1. Over all directions, average the projected area of the Cα convex hull of segment 40-135 and note it in nm².
2. Please work out the Cα convex hull volume for the chain and give it in Å³ per residue.
3. How about segment 25-131: which GluC sites (Glu not before Pro) there lie in a loop by DSSP and see at most 12 other Cβ atoms within 10 Å?
4. Label segment 103-158 by shape, choosing from rounded, prolate and oblate, from the square roots a ≥ b ≥ c of the eigenvalues of the Cα gyration tensor; if a/c is under 1.5 it is rounded, and otherwise prolate applies when a/b is larger than b/c, oblate when it is not.
5. For the pairs K116/K179; K100/K132; K94/K116; K113/K185, note any where the Cα-Cα span goes beyond 27 Å.
6. Over segment 88-195, what portion of Cα pair distances is larger than 17 Å, expressed as a whole percent?
7. Could you work out the relative contact order of segment 83-195, using alpha carbon pairs under 8 angstrom and six or more residues apart, expressed as a whole percent?
8. D83: net charge of surrounding residues, Cβ under 9 Å, Lys/Arg +1, Asp/Glu -1, itself excluded?
Amino acid sequence: MSKRKKGLQFYQKEKKINSELLKDIFELMIGTFIAIFLAFAITYFVGMRTSVIGDSMEPALYNAQEILINRFVYKFSSPKRGDVIVFLPNGNQKTHYYVKRVVALPGETVQIKDGKVYIDGEMLEEDESFDKIVDAGIAENEIVLNDSEYFVLGDNRNSSEDSRSGNIGPVGGDNIIGKAWFRFKTETSEMGLVE
């Protein structure tokens, strides 16, 4: 006969680590890591945010309107005519980002005469909403773009400091930060893709 111990006794169950539980924890950790990595990648490549300075891109973009920059797209392709790009003029890190529309591509000849843009001697077909250009600037004479240069203009042509200006000139591909792709809502503009 065994003697029973006096007093309270608690039944202690041995805790076993369940292999299913370990698998679930591991999957949760991997999922969390992937989510953090994707969030970082999206923020780095696509989510860079800046503000438009001035009225040079009206009515597409307004002064102080915030935009997202796709920094990834030009790693695999080149800017196209009509793209709205974000760049640093002459690579100057001490200035604000400029936001302008590409009108001429590498290797093309651009000139502004009689208030219109000419590419390789042909008048550029543009939306009628663009004003007739009053000041051709350096584009009064033909400009031949090299293999990595783009000629850009603001949509508000007569209130824009762009490639017509001697201190900006054609934009080198290395100075392009990315493509403006999403605009946030303002009092005068809805949120949406930049066109």
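Taken together, the values in this text are just the output of simple stated rules run on the coordinates, not laboratory data. Note that the structure is a prediction, hence the values are computed from the model and not measured. As a convention, Cβ positions derive from the backbone with ideal geometry for all residues, glycine included, and neighbour counts pool all protein chains shown.
1. Numbers: hull surface 30.6 nm².
Reported value for the Cα convex hull: 7.7 nm².
2. Numbers: hull volume 40.5 nm³, N = 195.
Spread over its residues, the Cα hull of the chain gives 208 Å³ apiece.
3. On the way: sites: E27, E66, E108, E122, E125, E126, E128; in loops: E108, E125, E126, E128.
Counting only loop positions with at most 12 other Cβ atoms within 10 Å, the GluC sites (Glu not before Pro) in segment 25-131 are E125, E128.
4. Values: a/c = 1.71, a/b = 1.57, b/c = 1.09.
Since a/c reaches 1.5 and a/b is larger than b/c, the shape of segment 103-158 is classed as prolate.
5. Values: K116/K179 25 Å; K100/K132 17 Å; K94/K116 32 Å; K113/K185 36 Å.
Among K116/K179; K100/K132; K94/K116; K113/K185, the Cα-Cα distance tops 27 Å for K94/K116; K113/K185.
6. Numbers: 3208 of 5778 pairs.
That tail contains 56 percent of the Cα-Cα pairs.
7. Numbers: 221 pairs, mean separation 33.9, N = 113.
That works out to 30 percent.
8. Values: positive: K80, R81, R101, K179; negative: none.
Here the count lands on +4.
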